[in-house]
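Student: After the structure tokens below, expect a handful of questions from me.
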Amino acid sequence: MLDNGFPLATESNILKELIRPPTILRSMVNTITGSSNVGETLPTGQLSTIPWRRAGVKYTNNEAYFDVVEEIDAILDKSGTTVFAEIQGVIDACVKLSGMPDLTLSFMNPRLLDDVSFHPCVRYKRWESERVISFVPPDGNFQLMSYHISAQNLVAIPVYVKQNISFFETGSSGRLDITVGPKQTMGKTVEGLVVTVHMPKVVLSANLNATQGTYNYDPVTKILVWDIGKLNPQKLPNLKGSLSLQSGAPKPEENPSLNIDLKIQQLAISGLKVNRLDMYGEKYKPFKGVKYVTKAGKFQVRT
Amino acid sequence: VSAAPSAFSDEKGGSASEPEYGHDPASGGIFSSDYKRHDDLKEMLDSNKDSLKLEAMKRIVAMIARGKNASDLFPAVVKNVACKNIEVKKLVYVYLVRYAEEQQDLALLSISTFQRGLKDPNQLIRASALRVLSSIRVTIIVPIMMLAIKEAASDMSPYVRKTAAHAIPKLHSLDPEQKDQLIEVIEKLLADKTTLVAGSVVMAFEEVCPDRIDLIHKNYRKLCNLLIDVEEWGQVVIINMLTRYARTQFLNPNINESLLEENSEKAFYASDDEEEEDKKAEPATLAKRKPYVMDPDHRLLLRNTKPLLQSRNAAVVMAVAQLYFHLAPKAEVGIIAKALVRLMRSHSEVQYVVLQNVATMSIKRRGMFEPYLKSFYIRSTDPTQIKVLKLEVLTNLANETNISTILREFQTYIKSMDKDFVAASIQAIGRCATNIGEVRDTCLNGLVQLLSNRDELVVAESVVVIKKLLQMQPEQHSDIIKHMAKLIDNIQVPMARASILWLIGEYCEHVPKIAPDVLRKMAKSFTNEEDIVKLQIINLAAKLYLTNSKQSKLLTQYVLNLAKYDQNYDIRDRARFIRQLIVPTDKSGALSKYAKKLFLALKPAPVLESPFKDRDHFQLGSLSHLLNAKAAGYQELPNWPESAPDPSVRNVEIPDWSKCSSRKDRKEKKVEKPFYSDSEGESGPTESADSGNCESDSGSGSASASGSDESGSGSESEESGEETESDEEEEDEEEEKKKRKKLDKTKAKKQAEESAERCTIHTIHQISCIINFDQFDMNKITSVFSQTLAPSGSIKMYELLHRIKGEGLAVEYCFSRQPFSPEPNMVAVQIQFTNNTNSETKNLHIEDPRLQSGMRIREFAEIDVLAAGESVTVVMGIDFCDSTQAANFQLCTHTRKFFVSIQPPVGELMTPAFLTENDFKKEQGKLMGMNEILEKLTLGEKCVNEHVIVERVTATANLSRVPCGSDKECRFAGKTVSSGCLVLVTVTTKEGGGAQLTVNCEKMLIGTMLVKDILQALSQ
């Protein structure tokens, strides 16, 4: 919400109070009663000293969930060596607690975190002195913090890619051969594996054979997507076949790079672990939960 | 009424499949149906159902959003501005803001609603009324806006004050002549201690009067301390402003280093004989170089902004980064690198801005980003402009140690599909080669290999870069030149052809056999070349003519002849010029002798520079920096001052906590300040939600306090550093405190006296309450008290009936200033009847009162008999409805009727109100703006002291004195009898008999009249 070009309220909790996000139930009620999603009450949140939290929150089930999501940003070169790798992590929270809870989240290994940025609710001084995250949470979903584990630390790369993409000088055709295998997965399964290749403009079509998953080549955008799914360490997925090029066009100079997408449940690749969550200021006992996920961020293999 | 809903429901049925406002405006039927449609909108707006109004307003706002004209609905819409439904109201506001400027007269109709809204007990309504009022761009209401802003600036609620700050730039853009008054408001709001206001008022400051740096002095430390708790967007504005402020007030922290650099550079270049001189000069410069001590305020700013680098908001991080870049000592700037690198994970728009700034920073402080070199590696999926910027940063970061990795990286980039990016990569290689001598040959070889690349653009770019590199050492590379000469047959890109031709011409002596042949080929294709190539052909011809005229004389003439008839006048000009210069004729001037020197002079090698060099004279993070051109509204970043301005201007008197006896106490207080809350209680008593927040806040505050306590005892070096610094500050303050002590003592005495005074007032108040309970005869007892309160003997008698006119009956009245016990909202009028006749008068009573509407009279009980020569006093009550209209009635005796009237002076329409000093200030704060009347006056000769003033004022008006800390001020408070509105009077005396009178009262009429009366009383 802006006033004369100056941002007045960007806090999502305040905005949600102004215009409530639509739900199925609410839109049904609205069609019947003729009301709308615009809040009837005035947004008092703006006046509060803790603008991110609604007043008078009440839940029957008090629960607090934290998702530690880590993304691996990496560039691997042709031979599979890591040119650059780092981990970008975020902790997403879903806090549904009544009243004004004051939470403290601590880690087993906080020194791991190289660079952090916090939601305004986090008391930075306590982080600096004790390395714990102390905060009065906003109500509902929010991003508590994001962190960065830089290239200085060794970053585990969960998969390796063997690839060979070549174009022939004559005959306007090329060959493609990609194999993906597990590398450092910490004993977990790699899921949701997708390989995306941006082909050169002259590639007209691809005639390939995938041992696992499906592939799709879009001749308009020149993007080849190979959706592998779960990675089976016993039988490595392979994509092999020929590419046909525009006839008469010179062989492309460049080799396309591969973008990898993947997901590993129940693992934070950096090894970050939440130690405990304490609550002060309220009497009830909340239900607490932490989930870890590792994903590929900007994960690129050069060829 | 019944017709309207049915019409609407038809309408709705029709619009269900195809929404009304979805019609194509170009379709033919639009005009006829348009008219109708507006009609039904009007009907809906006039209906008394909120849902219909809402629907209509939604459609109207949708029309506005689609750019359709909805202005003819203005009257119908404006009516609804007073609608109770908040949602309708909001949409009407949106409409008003859009169309008020066009229909100024009609817009004025809505103003009164806003004025009422400004008085609403709910702070949110007050704020939104002000927001819309200030968004209406109608010049006539400028004075109203000004008043409203002034009033809101002293509102109880910080939220309303924040809105007032937002309104300031709007009013300033509407009427720049209000600047001076607005600056006053800004000054007042800058002193505000709440975090909510701080950001907005600084924004207003930046818009209205960014050059008034003097307004910041007193608030500097407060702003620094509040910064962490201000909302994000406010932080950005404050940090940018403080950067500018610090540049004017503090010394350059790197001053010694820059001197050192200069010195060492000098020593490096100095020849032997100069060195001795230097040695002599050195002690002098050393003496001049004072040890730099950072101003504690400068340190405060750096320390308080540092945690904001961890903000989730990219704008805040960027603002802090630029602050550190511009203000921090060299050794400390490094900390921003990490945060900036983090921002590069963000959206590509953010990346773009951050990279621009990193590019500028990396030129001046290369070391800062070197550890993060790999973060600038380029992915094939990055957008081109991001790639180019990353390349720029990588090039800036290249040095002897990392050049091999960077070059290896560059080699992969050259294979990219993105041709613009490849071209930029080649340029980057060229720059690395010029900057780092060791790799020049490697780079050159790599570039030469690129000459055989299939892609013409790559080759062309390589040629251009190679040309620049060859200029540095042409002797060793004649083979490359030969190779390039061969390329001219294939390369079509004009810039590359021109570059090759220039190279051959320039170094034709290294390739004596090839050069004439190239010219021959080019002469053949001359007419088909681009202009830039033609110019270089002429150039080549001229150079060959000078060095090898035997082989190329005819060719040159041929080329010059072709050029003579070229379409482009530049080329014709050049041909003419060159012919005169090189071909010796009898007419040719003195210059032709020097033709060889002119053309074949040794040319300095080009310096390949970053386009981001020297961009840091723009404040980083600003739009101007991004554009590399001064944008409108850009505030120049001033240079550091030679010597620091007086730092004491920032000292603020903080009487409240300097009263703590020991320093330890104070420290504790400091620590106790909650981490994220304001130093002031924010909410009024009505906001229950807020008070809840406050409570929990203090809880969390203490938690964080305990945290920082622990850290204090810990061995964190940073913390201890902080403390010593704050100690220093405190010592400074200590001295001040001593000075102030004397003052404090005298103040304390006065306060004691005042509190005693206050006590007596309170007891009186209590007693009167007790009496009330006990059902005593009020009149008798209160008269005793009222005499102690109101100055004695000042009660003035007025004549109601002269004894001649009354045929012997004289009637006088006075305002007894006692509460009229039967009806407390009536003014008690004491009437004295004197019978001057020789006979008794009977049945004295009142009849037939003729009163203004709302006024009431409570008659006195009939006096049965008034004996001759006797007099009797009765009390009657009149409710004047807080107006000075006369009460007319008939006074009857048993024989006659007299028409009489009682007109009260305004001062009698009120009763004293007992307020404490704080209450008074609070109430006065609520009654600002239009409710405040200010008047300057010169005191009369007899008004020599406070006592006289008090006497005069209390005689004029039935007010009670309010205790006051200052002896220059007298304050009085009262309430109007009938409606109980507060009347506050302040008389401030000044040197030399001058004084200022302030009256605050909701009833403006009463205020104005009271001012007049008091003025008269005081200036007599």
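The values are calculated or read from the model by the stated rules, or taken from the named source; none is laboratory data. Computed from a predicted model, the values in this text were never measured in an experiment. Quick reminder, even Gly has a Cβ in these numbers, built from the backbone with ideal geometry, and neighbours come from all protein chains shown. These accessible areas exclude ligands, DNA and RNA; they are computed on the full protein's heavy atoms, side chains included. Shrake-Rupley method; radii C 1.70, N 1.55, O 1.52, S 1.80 Å.
Student: How would the stretch B:350-418 be classified by its alpha-carbon gyration tensor: rounded, prolate or oblate, with rounded meaning a/c under 1.5 and the a/b versus b/c comparison settling the rest?
Tutor: Numbers: a/c = 2.28, a/b = 1.12, b/c = 2.03.
Verdict is oblate for the stretch B:350-418.
Student: Debye sum, Cα scatterers, the stretch B:885-950, no solvent: what log₁₀ I/I(0) at q = 0.16, 0.25 1/Å?
Tutor: Values returned for q = 0.16, 0.25 Å⁻¹ are -0.90, -1.17.
Student: Just to confirm, what accessible area per residue do you get for the stretch B:89-156 at 1.4 Å probe, in whole Å²? Present the calculation step by step, with values, prior to reporting the outcome.
Tutor: On the way: 2670 Å² over 68 residues.
For the stretch B:89-156, the solvent-accessible area averages 39 Å² per residue.
Student: Roughly to the nearest percent, how much of the accessible area of the stretch A:116-228 is carbon and sulfur, given a 1.4 Å probe?
Tutor: On the stretch A:116-228, the fraction of accessible area on carbon and sulfur atoms equals 49 percent.
Student: If R0 is 56 Å, what FRET efficiency do you get for B:E935 and B:Y569 from their C-beta distance, rounded to 0.05?
Tutor: Numbers: r = 77 Å, r/R0 = 1.37.
Efficiency computed from Cβ-Cβ geometry: 0.15.
Student: Once you put a point 7 Å from the Cα of B:L591 and another 7 Å from the Cα of B:R366, both along the Cβ direction, what distance in nm separates them?
Tutor: Label-label distance for B:L591 and B:R366, simple model: 4.2 nm.
Student: Within 10 Å of each candidate Cβ there may be at most 10 other Cβ atoms; applying that plus a DSSP loop requirement, which trypsin sites (Lys or Arg not before Pro) in the stretch B:74-156 survive? Please list the in-between numbers first.
Tutor: Numbers: sites: B:K79, B:K84, B:K89, B:K90, B:R98, B:R116, B:K119, B:R126, B:R131, B:R137, B:K150; in loops: B:K84, B:K119, B:R137.
The qualifying sites are B:K84.
Student: As a quick test, which of the pairs A:K201/A:K230; B:K482/B:K524; B:K222/B:K630 have an alpha carbon distance above 25 angstrom in this structure?
Tutor: Beyond 25 Å: A:K201/A:K230; B:K222/B:K630.
Student: Here is a further query. Per-residue HN-Hα couplings for the stretch B:234-248, Karplus 6.51 cos²θ - 1.76 cosθ + 1.60 at θ = phi - 60°, whole Hz, x for Gly and Pro?
Tutor: x, 4, 4, 5, 5, 5, 5, 5, 5, 4, 5, 4, 5, 5, 8
Student: Applying 1/(1 + (r/R0)^6) with R0 = 30 Å to the Cβ-Cβ distance of B:L106 and B:D39, what FRET efficiency is obtained, to the nearest 0.05?
Tutor: On the way: r = 19 Å, r/R0 = 0.62.
Calculated transfer efficiency: 0.95.
Student: Would you please classify the overall shape of the stretch B:280-432 from the alpha carbon gyration tensor, given that a ≥ b ≥ c denote the square roots of the eigenvalues, rounded means a/c under 1.5, and beyond that prolate means a/b larger than b/c while oblate covers the rest?
Tutor: Working: a/c = 3.23, a/b = 1.52, b/c = 2.12.
Oblate, since a/c reaches 1.5 and b/c is not below a/b.
Student: Compute the signed sum of charges (Lys and Arg +1, Asp and Glu -1) over the other residues within less than 9 Å, Cβ to Cβ, of B:P905. Walk me through the numbers on the way to the answer.
Tutor: Numbers: positive: B:K796; negative: B:E908, B:D1013.
For residues surrounding B:P905, the net value is -1.
Student: I would also like to ask the following. Label B:Q476 and B:K419 with points 7 Å out from Cα along Cα→Cβ: what is the distance between them in nm?
Tutor: Calculated label separation equals 3.4 nm.
Student: Normalised by the empirical 2.2 N^0.38 Å for globular proteins, what value does the Cα Rg of the stretch B:35-115 take?
Tutor: Working: Rg = 11.5 Å, N = 81, 2.2 N^0.38 = 11.7 Å.
In units of the globular-protein estimate, the stretch B:35-115 measures up at 0.98.
Student: For the pair A:D261 and A:Y59, what calculated FRET efficiency results from E = 1/(1 + (r/R0)^6), where r is the Cβ-Cβ distance and R0 = 22 Å, to the nearest 0.05? List each step's numbers first, then the result.
Tutor: On the way: r = 36 Å, r/R0 = 1.63.
Once rounded, the FRET efficiency stands at 0.05.
Student: Could you calculate, for the stretch B:877-1020, the ratio of the Cα radius of gyration to the Kirkwood radius, expressed as Rg to Rh?
Tutor: Working: Rg = 16.9 Å, Rh = 16.0 Å.
Using only Cα positions, Rg/Rh for the stretch B:877-1020 is 1.05.
Student: Does any residue of the stretch A:258-303 lose at least 40 Å² of accessible area with all protein chains in place compared with its chain alone, and if so which ones (probe 1.4 Å)?
Tutor: Flagged in the stretch A:258-303: A:K298, A:Q300, A:R302.
Student: Per 0.36 nm of contour for each residue apart, how much would the distance between B:A65 and B:E991 grow if the chain were fully extended, relative to their Cα-Cα spacing? If you can, show how the numbers build up before the last one.
Tutor: Values: separation 926, 0.36 × 926 = 333.36 nm, distance 6.02 nm.
Net length gain for the segment: 327.3 nm.
Student: Still on this model: Please label the shape of the stretch B:72-183 as rounded, prolate or oblate, based on the square roots a ≥ b ≥ c of the eigenvalues of the alpha-carbon gyration tensor (a/c under 1.5 means rounded; beyond that, a/b larger than b/c means prolate, else oblate). Walk me through the intermediate numbers first.
Tutor: Numbers: a/c = 2.22, a/b = 1.22, b/c = 1.82.
Cα axes put the stretch B:72-183 in the oblate bin.
Student: Relative to the compact globular guide of 2.2 N^0.38 Å, what is the alpha carbon radius of gyration of the stretch B:386-434, as a ratio? Intermediate values should be presented prior to the final figure.
Tutor: Working: Rg = 9.8 Å, N = 49, 2.2 N^0.38 = 9.7 Å.
Relative to the 2.2 N^0.38 Å estimate, the stretch B:386-434 comes out at 1.02.
Student: Report the gain in length on full extension from B:N918 to B:Q580: 0.36 nm times residue separation, minus Cα-Cα distance, nm rounded to one decimal. Mind showing how you got there, number by number?
Tutor: On the way: separation 338, 0.36 × 338 = 121.68 nm, distance 9.35 nm.
Computed gain between B:N918 and B:Q580 is 112.3 nm.
Student: Of the options A:N238, A:N259, A:L277, report the single residue whose Cα projects farthest towards the positive end of the charge dipole of the stretch A:232-278 (beta-carbon charges: Lys, Arg +1; Asp, Glu -1).
Tutor: The Cα lying farthest towards the positive end belongs to A:L277.
Student: Residues of the stretch A:50-71 with the amide nitrogen closer than 16 Å to a label point 7 Å from the Cα of A:Y284, along Cα-to-Cβ, please.
Tutor: A:54-65
Student: Shifting gears a bit: List the extent of the Cα atoms of the stretch B:591-630 along each of their three principal axes, largest first, rounded to whole Å.
Tutor: Taking max minus min along each principal axis of the Cα atoms, the stretch B:591-630 gives 54, 18, 12 Å.
Student: Could you work out the per residue convex hull volume over the alpha carbons of chain A, in cubic angstrom? Mind dumping the intermediate values first?
Tutor: On the way: hull volume 64.7 nm³, N = 303.
Per residue, the Cα convex hull of chain A comes to 214 Å³.
Student: Given B:K119/B:K922; B:K53/B:K89; A:K125/B:K193, which pairs have Cα atoms separated by over 18 Å? Walk me through the intermediate numbers first.
Tutor: Values: B:K119/B:K922 15 Å; B:K53/B:K89 10 Å; A:K125/B:K193 22 Å.
Those over the limit are A:K125/B:K193.
Student: Given a cut-off of 14 Å, what percent of all Cα-Cα pairs of the stretch B:205-246 lie beyond it? If you can, show how the numbers build up before the last one.
Tutor: Details: 385 of 861 pairs.
When every Cα pair of the stretch B:205-246 is considered, 45 percent fall beyond 14 Å.
Student: Can you tell me the length gained on complete extension of the stretch B:N256 to B:V652, counting 0.36 nm per residue apart and subtracting the Cα distance?
Tutor: Taking 0.36 nm per residue and subtracting the Cα distance, the gain is 139.5 nm.
Student: Calculate how steeply helix A:24-33 sits against the longest principal axis of the alpha-carbon atoms of chain A, using the helix alpha-carbon long axis, and give the answer as 0 to 90 degrees to the nearest 10.
Tutor: 60 degrees
Student: Quick one: 3J(HN,Hα) in Hz for the stretch A:249-261, Karplus 6.51/-1.76/1.60 with θ = phi - 60°, rounded, Gly and Pro as x.
Tutor: Result, rounded to whole Hz: 6, x, 5, x, 5, 9, 9, x, 9, 9, 10, 10, 10.
Student: In vacuum, with every alpha carbon of the stretch A:120-277 counted as one equal point scatterer, what does the Debye formula give for log10 I(q)/I(0) at q = 0.11, 0.12, 0.18, 0.19 Å⁻¹? Two decimals, please.
Tutor: -0.63, -0.70, -1.07, -1.14
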